[in-house]
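The values are calculated or read from the model by the stated rules, or taken from the named source; none is laboratory data. Predicted model, so just to flag it, every value in this text is computed and none were measured. So basically every Cβ, Gly included, is an ideal-geometry build from the backbone, and we count neighbours across all protein chains shown. Accessible surface areas use protein heavy atoms only, side chains included; no ligands, DNA or RNA. Shrake-Rupley method; radii C 1.70, N 1.55, O 1.52, S 1.80 Å.
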Amino acid sequence: MPSTFVAPIMIRLNAIWLMGLLLLGAPGDAVAAQCGSGPAGFANWLQRFRLQASAQGIGSGTILSTLSDVTYDPAVVRLDRSQHSFKLSFQQFYARRVDKALINKGRVLMQRHRALLDRIEKRFGVPGEVIIAIWGLETHYGADATARYSIIRSLATLAYDCRRSEFFTGQLLDALRIVDEGDLTPAQLRGGWAGEIGQTQFLPTPYIRFAVDFDGDGKKDLIHSVPDILASTASFLAGHGWERGGSWEPGSHNYGVIAQWNKADVYDRTIAKMADELGGR
């Protein structure tokens with residue numbers, strides 16, 4: 001049989017297989033997968049998760065193409081277990097994360113993207129220096145946007161693991177929606193071990209809620225498109241109540257909005273101070 005006919009036939013067969021699973025699955029809404037520990041139960045969990053994704057309206061083609069070869073990643077679980085809270089003071093944290101080179105590059109990028117940042121501020125109300133500060137802190141303006149981990153594999157592992165199963169199950173469902181909506185392919189979904197995507201490190205749920213297509217190419221691409229990356233970061237802040245023209249100093253309303261970006265106060269204070277430096281305050 002000619003190779004051009006193999007893929008469509010396989011898609012139809014896989015769709016029939018998925019439908020069979022749905023007919024055999026738990027009734028009603030209850031196709032929620034049970035969490036586990038260690039790799040032994042992962043395959044069964046993944047089968048039930050496919051049912052859960054289908055019950056939420058994610059296309060069978062997306063489910064099959066995205067999850068067909070996913071395996072448990074013990075390295076991701078080890079990384080999740082080894083996290084420690086910030087112990088540094090703000091001064092120590094700022095000195096470790098921000099130097100003259102980061103500020104100077106940020107100022108260059110503000111000038112390079114001045115027209116873009118003005119358009120973003122006009123639409124979302126968020127000043128350019130705040131957006132550039134986040135971009136610099138998250139990935140050194142994209143230079144450190146790691147693509148080491150498969151986001152789908154990482155999220156599937158963390159969703160299966162019982163420690164934060166509910167949170168990461170939601171993130172995995174939204175990662176499938178990103179694929180289903182055509183913004184990124186499974187192969188493009190590579191990033192941080194906890195599922196962070198792109199140059200300002202969006203998790204899939206805020207990606208679905210706040211990412212915007214600002215370059216007009218029909219896709220929301222937070223990995224490669226600078227207009228989409230910066231505008232989506234502003235969209236996140238605006239979506240959490242950013243007040244146009246307001247201060248972002250600690251104690252202000254907008255500082256509280258920055259705290260929705262990152263729960264660590266030393267990180268939020270670093271964003272605010274770096275934005276001040278970028279803006280010459």
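Remarks
- Multiplying the residue separation of Val108 and Arg281 by 0.36 nm and removing their Cα-Cα distance gives an extension gain of 60.6 nm.
- Spin-label pair Asp118/Gln47, simplified geometry with 7 Å Cα→Cβ offset, distance in nm: 6.0 nm
- Gyration tensor (alpha-carbon) shape descriptor, the chain, a/c threshold 1.5: prolate
- When peptides 66-72, 197-203, 212-218, 222-228 are ranked by their average number of other Cβ atoms within 10 Å per residue, the highest-first order is 197-203, 222-228, 66-72, 212-218.
- Taken per residue, the accessible surface of the chain reaches 49 Å², heavy atoms only and a 1.4 Å probe.
- Mean Cβ count within 10 Å, highest first, over the residues of peptides 144-152, 187-195: 187-195, 144-152
- Each of Ala187 and Arg163 was given a label point 7 Å from its Cα along the Cα-to-Cβ line. The distance between the two points is 3.2 nm.
- Label-zone membership for segment 172-200, site Asp213, 7 angstrom Cα→C-beta point, backbone N under 17 Å: 177-185
- The packing ranking of peptides 36-42, 158-164, 117-123, highest mean first, is 158-164, 117-123, 36-42, where packing means the average number of other beta carbon atoms within 10 angstrom of each residue.
- Cross-link pairs exceeding 30 Å in C-alpha to C-alpha distance, out of Lys105/Lys220; Lys100/Lys219; Lys105/Lys263; Lys122/Lys263; Lys220/Lys263; Lys87/Lys122, comprise Lys100/Lys219; Lys87/Lys122.
- Within the accessible area of segment 170-281 (1.4 Å probe), percent carbon and sulfur: 48 percent
- Taking the chain and dividing mean pair separation by its residue count, relative contact order in percent (alpha carbons under 8 Å, at least six apart): 19 percent
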